[in-house]
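No value in this document is a laboratory result; all are computed from the given coordinates. Small disclaimer: the values here were computed from a predicted structure and weren't measured. Don't worry about glycine lacking a Cβ; one is built from the backbone with ideal geometry, like all the others, and counts go over all protein chains shown.
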C-alpha cells in the first residue's frame, strides 16, 4: 500500500499577523511548516509540499530533500490539484490532504484517517459541535441554531487517490475543502474522531495556543538491539568502530562490528523501521566486508528525516576477551563522531557471562544496545 500526503502551503495567511505568511513564522523554536511537515515523516511514503512561486527561499531550502515540490494554484482547490498531479506515476493508492497551518496534528489522527481508508473511499477527522450555536448580526444575538449532527472539519482529509483525482477533475471551481469536492462527486466521506488540539492557526492568538500544545506533545521513543558474531581467523576485532588487537577475528558479512550493529538496530527499532538486514540485505554482495559505519550513519540520517534527535545510546559488549575497558573511551568517541553526538551521550561498557554459554566459552561476542530518540 503506497501512501502520500499533500501539504498545502501556498497561501499567504496574513490574517494571523506578521509580515510573512503564517507557515513561515516561528512557533516553539521552529517554523509552523517545519512542525507540520515532520508530523507526516515516517507516516506516509511520499510528501508533496505545495509552495507559492513567491516563496523562493522555501523552494531553494526544500529542493533536493525527501519532499516533492510543486507550485500552488490560484486558490486552494487549484493547489490541491497541482499536488495530486505531482504524485502521478508513483502508484499512490491513498492520499492525505492537509493544511500547513495545522502543525499540532497528532500521529494518531493521521493513522486513524489512513486506517479508515482501508474500508472507505474517503475519510476525514471531525469534532462534534458541543457548544450552543447562535446566529447574530455581529452586535446582538438574532437566534439560535440546532447543533445536532454538526461537526467542525479538520485535516488531514484522506481519499483513494484515483477517486479524489477524478473528483477534482470534475470540480474545477473553488471549494472550502476536499470533502466538499469529494461529496460533489458522489463520494461518501467517513468521519473519524477529530482532536481538539489539531487547531488551525488563523488568528494571532492561535500561535500562543499552538505553542502550549506543542510544549506538552513530547514524543520519546526507545529501541533495543541485539547482535552476535562468532570468532574466526584474524588478529583483531572491530568493536564500536575501534580496531582492538586479539588473537582471533569476528566473522560476518560486513566487518562484523557487533557493537555498532546492535546500536544501529536499536535506532531502527525506535523508529519502527526494521533492522539492518532489511536496509542492507546480506544477500547483496555490495555489502560484503562493508564498514558498519555505513549502516549506523543511515540509521541516524533516517531518524533525522523522520524528525527525531538521538538523546543517548547505551551499548553493552558481552565477552570474556578481549578486554573492553581500556578501549571504551575511544569507542565512545568514535560512536559519538559517527552519530553527531557528544561523547557523554554514548555509553559503551562490557560484561562477561561468567564463563557460561557461547560467550563464556569464548566462541564469540554478543552485544545489547538501547537508543532513546526524541521528536525534535
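Tabulated data for the structure shown
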item	result
Residue order, fewest to most beta carbons within 10 Å, for 159, 358	358, 159
Nitroxide proxy distance, nm - points 7 Å out along Cα→Cβ at residue 137 and residue 61	4.7 nm
Length-normalised contact order for the stretch 3-215 - Cα pairs under 8 Å, 6+ apart - percent	25 percent
Residues of the stretch 49-87 with amide N under 12 Å of a point placed 7 Å along Cα→Cβ from residue 2	87
Convex hull of Cα atoms in the stretch 53-147, direction-averaged projection (nm²)	10.4 nm²
Nearest 10 degrees, 0 to 90: helix 328-339 Cα axis against the chain principal axis	30 degrees
Label-point separation, residue 108 to residue 353 (7 Å along Cα→Cβ), nm	4.1 nm
Segment residue 71-residue 286, length gained on full extension (0.36 nm per residue, minus Cα span)	73.5 nm
Gain in span if fully extended, residue 330 to residue 202, counting 0.36 nm per residue against the direct Cα distance	40.9 nm
Cα centroid separation, the stretch 308-370 to the stretch 181-199 (Å)	50 Å
Helix 258-270 axis, angle to the chain major axis (alpha carbon atoms, nearest 10°)	20 degrees
Cα-based shape type of the stretch 220-375, given that a ≥ b ≥ c are square roots of the gyration tensor eigenvalues and the cut on a/c is 1.5	prolate
Gain upon complete extension [residue 190, residue 309; 0.36 nm per residue less C-alpha separation]	39.3 nm
Residues 240, 319, 372 arranged by fewest to most Cβ contacts within 10 Å	372, 319, 240
Anisotropy class of the stretch 41-101 from Cα gyration tensor, a/c 1.5 cut	oblate
The stretch 63-186, relative contact order [Cα under 8 Å, separation at least 6], %	29 percent
Three-way shape call for the chain based on the alpha-carbon gyration tensor, with the a/c threshold at 1.5	prolate
Separation of the residue 169 and residue 236 label points, Cα + 7 Å toward Cβ, nm	6.2 nm
With Cα atoms, 0 to 90° folded angle of helix 76-86 axis to the chain main axis	40 degrees
Computed FRET value (nearest 0.05) for residue 294 with residue 147, which takes r as the C-beta separation and R₀ as 56 Å	0.45
Part-to-part distance (alpha-carbon centres) for the stretch 65-130 and the stretch 200-271, which is given in Å	31 Å
